[in-house]
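The values are calculated or read from the model by the stated rules, or taken from the named source; none is laboratory data. These numbers come from a predicted model, not from an experiment. Cβ sites come from the backbone with ideal geometry, for glycine too, and all protein chains shown count toward neighbours. Surface areas here come from the heavy atoms of the whole protein model, side chains and all, with no ligands, DNA or RNA. Shrake-Rupley method; radii C 1.70, N 1.55, O 1.52, S 1.80 Å.
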Amino acid sequence: MMTLAAMPKYEAYKESGYKWIGEVPENWEVTKLGACLNAVSIKNKPDLPLLSITRELGVIERDVEDQDSNHNFIPDDLSGYKVLKNGQFGMNKMKAWQGSYGVSQFTGIVSPAYFIFDFVKPIEPRFFNWAIRSKLYVSYFGSASDGVRIGQWDLSKSRMKNIPFILPLPEEQIAIANFLDEKTAKIDEAIAIKEKQIELLKERKQIIIQKAVTQGINPDVPMKDSAIDWIGQIPDHWEVNPGFSVFKESKESNKGMINSTVLSLSYGKIIIKPEEKLVGLVPESFETYQIVNVGDIIIRCTDLQNDKTSLRTGIAKNRGIITSAYLNLRVKDKYRAGYIHFLLHVLDITKAIYKFGSGLRQNLSFDDFKHMKITLPPIDEQKDISEYIQKKSSEIENAIGLQQQQIEKLKEYKTTLINSAVTGKIKVA
């Protein structure tokens, strides 16, 4: 991948007059959006498909059947919706500061609150879309918007018209658009490959954990049936005991320890809750919190079926307090909490935990864990299994971290490449 410094430059540059843009090629026009765009408003076409204008992708076709992606109310009468044609520029003026705008590749209708524009200068729509959706312009749109309320910043047409825009010759616009289409597609492909590698590493980690806590780490030992359907065979010398022999429910209340460290369960890890997240929790509310010791296993027990994404089990590495909405399992002294946690973690990630819930919302209680069958290696083997999992997990997490760093570098390169191409810092043809 060629560095930006090594890419060709234009022969001569001039000051754009705007610090955030800097110098631009001498033959490029420094204009304003008001000179490039003309507002239009065509309505009463309710039979056209619904479109959305998003921060991530610009203008997209709206899937009216997908309830998860349709948070905005769709009225029965769509005659007031505006027509957005293929090649026109559309904008959600309340979220322009986030980049919710773009040139449409579709013809349809959008919210009557949106701005729709035709081009009035010789402008290649693909070039305009690359330029206006670059991080450079998104940031400037934010500074040009006025605050209405948190998360809503209004951009007036008058302020938008005064936003500067750098316009190359038409043939250069096409060349830049073609260049960015090709180069960003290759970058996106490289990112997708690395994201797939991360998913494979995560799957490998889960397989290692699952195999270690259900079959041990010695592949040569005799096996027997565990009589637990989600586990299958286990080493012949392992025991299967009920949960009440392994752990107890801890209900040790906070007892006024207002200044204790507040903990939370986040994606399978017990974290210290940031100070800013404690706003609104009055001191009296901490009275209902339960004390957590190092090694306690915290489980979120509510609404199993409706939560498909985040892990619900974690082991505490810090002493503190946590809301009583969680179940706190304290492992008895003769058992190692690390191994038990990894076993429950597998119960969680395999979704076998679902079958133990009860009620309409599939909630778990201590009774469910009390009668659950727990596979138990000898105590020394529990220690060995825990250390093995931690070692292997650490190696995989390091590999994932390297992939994530490379993804971030690719994303940064893509952003800089786009910014440089649309402002003439590099010459693409």
Sequence of His237, His371, His345 when ordered by accessible area, the most exposed leading, probe 1.4 angstrom: His371, His237, His345
Could you work out the longest stretch of the chain that avoids the GluC sites (Glu not before Pro) located in DSSP loops with at most 12 other Cβ atoms within 10 Å? 66-429
For the stretch 334-342, Karplus couplings with θ = phi - 60° (6.51, -1.76, 1.60), whole Hz, Gly/Pro x: 7, 10, 8, 4, x, 5, 4, 4, 5
At a probe size of 1.4 Å, how large is the accessible area of Cys36, to the nearest 10 Å²? 0 Å²
Express the accessible area of the stretch 188-237 per residue in Å², computed with a 1.4 Å probe while the remaining protein chains stay in the model. 62 Å²
For Ser260, Ser100, what's the largest-to-smallest order of accessible area, 1.4 Å probe? Ser260, Ser100
Distance between modelled label sites at Ile272 and Gln233, nm, 7 Å Cα→Cβ extension: 4.7 nm
Potential extension, Ser324-Lys14 segment - 0.36 nm per residue separation minus Cα distance: 105.2 nm
Residue separation times 0.36 nm, minus the C-alpha to C-alpha distance between Gln404 and Thr416: what's the value? 2.5 nm
Given a 1.4 Å probe and every protein chain left where it sits, what share in percent of the accessible area of the chain is carbon and sulfur? 51 percent
Sequence-distant or interchain residues sharing an amide H contact under 5 Å with Val40, placed H: which? Ile116, Phe117, Asp118
List the residues of the stretch 397-414 whose backbone N lies under 15 Å from a point placed 7 Å from the Cα of Thr3 along the Cα-to-Cβ direction. 413
Convert each backbone phi in the stretch 210-224 into a coupling constant with the Karplus relation 6.51 cos²θ - 1.76 cosθ + 1.60 (shift: θ = phi - 60°), then list the ³J(HN,Hα) values in order as whole Hz, x for Gly and Pro. 4, 5, 5, 7, 10, 10, x, 10, 10, x, 9, 6, x, 10, 9
At 1.4 Å probe size, with no ligands or nucleic acids counted, give the accessible surface of Asp118 in Å², nearest ten. 60 Å²
Förster radius 45 Å - calculated FRET efficiency between Lys224 and Asp63 (Cβ-Cβ, nearest 0.05): 0.35
Derived scalar couplings ³J(HN,Hα) [the stretch 385-390; Karplus, 6.51 cos²θ - 1.76 cosθ + 1.60; whole Hz; x for Gly, Pro]: 5, 4, 5, 4, 4, 4
